[in-house]
Every structure is written in structure tokens, then in C-alpha cells.
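Peer 1: Starting off with a structure, shown below.
Please treat every number below as a calculation from the coordinates, not as lab data. Model, not experiment: these values are computed from the prediction. Using ideal geometry, Cβ is built from the backbone for each residue, glycine included, and neighbour counts are taken over all protein chains shown.
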Amino acid sequence: MGKITRALMKAAEERFEHLEKVSKIKEHDQFVIRKMKDSVIDARIIAYFDPKSIISEQYKSLMTNLLSGNKSRPEKVISITSSIHAEGKTITALNLAITMSRAIHKPKILLIDADLRKGKMTRYLGIKQETGLSEVLRGTANLKDVLFNIDIEQLTFMASGAVPPNPAELLASDAMKNLISEVRSMFDYVLIDTPPVIPVTDAVILGGMTEGTLMVVQAGRTQRGMVDRATELLNQAQTKIIGHVLTGIEYFVPEYIYRYL
């Protein structure tokens, strides 16, 4: 981890201790979305704490590339995955979702934690949300029961919910297809955080349902063969890979650029 990254993370940790969370009910179309109290955001969600930082600027560049890639028919439903575990896909998904929600045209963003095995989104948000995607797909909860937000305008979340005995079957179900269709009409962009490709088939299943997939690759850790194999599996499901995000990069930022930022 570079000095700048460490400094930003330390600043973020100090800053969130002083943030006050305002609780209120917010209406989204015909649904009521609950605002969670006293959330403690993970310091790695730099876009939340310091939107003008160097790291946040990289997420803005990623957002710009995504939104300008196909102006005639932009991808509205995007899955985010990786080849193996611990490459930073959930952190990437959260930072990207926050960045997109703060775009000039104020798009409505939904971030879904579709890792029904080891979902970590709520942990990074520092909240407890026991019901989520799993319950919606099993028919034990309605969509309005699982949507929530914190103190970020235009950004809504859906947790993964309880771990079911049949994650892949649930994600491949008509209920999942119907859910994607429903939220697609409610939000400008839907980001879906999925499990890694190599260990389980979940990301391949969801990749075929979405309009594009972002692959997160950790520099210095993920082997090229793993990335190639994950790409092959996604291609077999006719998944459109719209880009790769390289995490874990350390680089030198010239002083004059740092001063400008």
C-alpha cells in the first residue's frame, strides 16, 4: 500500500468518527426506502469520505468510461466480478456506485449484493440488514422491504440476505430475471456485485442476465491464467465484458499533479 493511500485511509478513519447520520424516511417512486442510522462506513470507501482525492478521481475516470462507452445504447445493468476471491470487487462496486450517484445529471443508482454465499456489502457499510436478495428470490420478502439507503442521495442498496441452501439455483431463477427487469425500470443504473467466477458459477449466471460485466483484477496477485479462464467462462455465457479494473496498484504521483488535485 502506497503512502498516499495510507494517508487517505487514515484521514478517512478520522473523518467518519465526526460524521453525523440523519435518519429520515425517503420516498422512491411508490416504494419507501429506509435510511439506516449510525452506519460506520469502511475507510476503504474513499469516494464516500473524500470525493476529491486521487483515488476518487480514478473512480470518476472509470465512471466516465462506462457512461460514454455506448451512448446510443448504454449498459444500464452491470455486474461486477473477479476471477478469484479478495481482489477488491465489493470495494470497487461501492466506490463506483457512490461516484456514479454524484454525477452531474444525478442518476438513480441501485447496488445489489448478489453474493448469496459471502456477501460483504453491509459489513463495509457498517450496518445490519438481515433481509435482502435471498428473501426476495425465495418469495419471503417484497422488494420494498429490502431496499435501503444511508446518507448518499440517489444511491440505494439491496443486501444479499441470509445464505440460502441453493444460491446458484436462486440466481438462475425466473424470479431473478423478473427482479432485474423491475429494478431496471426504477433506476437509471443497476450495479450487481457477484461472487468470483472461478470458484462458483453464480457470476456466469448473472453475467448472462446483465448488459455488461466489469472484471476486477488485483495487480501482483491474480495470475493471467486465472483471468483467461474466467473470461472464457463468461464468454461461454455470452457475457459482454465491458472492461477491467486493476486494483492494488502503487504509483508515483508528481508533486505538481498532487497540488492541482
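Peer 1: Taking N as the number of residues in the range 62-188, what value does Rg over Cα atoms divided by 2.2 N^0.38 Å take?
Peer 2: 1.04
Peer 1: For residue 118 and residue 221, what is the calculated FRET efficiency with R₀ set at 22 Å and r taken between the beta-carbons, to the nearest 0.05?
Peer 2: 0.75
Peer 1: Suppose we look only past 14 Å in the calculated P(r) of the range 147-212. What percent of the Cα-Cα pairs does that tail hold?
Peer 2: Percentage above 14 Å: 65.
Peer 1: Can you compute 3J(HN,Hα) from phi for each residue in the range 118-132, using the Karplus curve 6.51 cos²θ - 1.76 cosθ + 1.60 with θ = phi - 60°, rounded to whole Hz and x for Gly and Pro?
Peer 2: 9, x, 10, 4, 5, 5, 5, 7, x, 10, 10, 9, 7, 9, x
Peer 1: In the range 197-240, whose amide N lies under 18 Å from the spot 7 Å out along Cα-to-Cβ of residue 168? List them in ranges.
Peer 2: 197-209, 229-239
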